C-alpha cells in the first residue's frame, strides 16, 4: 500500500489510524488530511517521541496495512 492510496481514501483509513494511535482526536485527524508528514508530526507531539520514532511507527503501520 502506498501513501497515495492512503491519502486518496483517508476516510476509510481514519479508523485504522485511530486504532493504532488512539490519542489522536477527530480534530487531529482532520488536520492531518491524509498527509503523511502531518500524521508523523501529530504522533510525535501527542506521544512525546522523536521524529525518527514517529516515522518508524508510520512506516511499520503502512507496511502492515490490509486494504
- Item | Taking the stretch 12-59 and dividing mean pair separation by its residue count, relative contact order in percent (alpha carbons under 8 Å, at least six apart) | 26 percent
- Query: Say each of residue 9 and residue 59 gets a label point 7 Å from the Cα, pointing the same way as Cα to Cβ; how far apart are those two points in nm?
  - Reply: 2.4 nm
- Here the gain from full extension of residue 26 to residue 45, 0.36 nm per residue of separation minus their alpha-carbon distance, amounts to 5.3 nm
- Item | Candidate values (1) 10.5, 31; (2) 10.7, 29; (3) 12.3, 35, label of the one derived for Rg and Dmax of the Cα atoms in Å | (2)
- Item | Distance (nanometres) between label positions extended 7 Å along Cα→Cβ at residue 52 and residue 36 | 1.9 nm
- Task: Please order 24, 39 by the number of other Cβ within 10 Å, starting at the fewest.
- Result: 24, 39
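All of the numbers you see were taken from the coordinates with simple rules; none came from a lab. These figures come from a predicted structure and were not determined experimentally. Here Cβ is always computed from backbone atoms with ideal geometry, including for glycine, and neighbour counts include all displayed protein chains.
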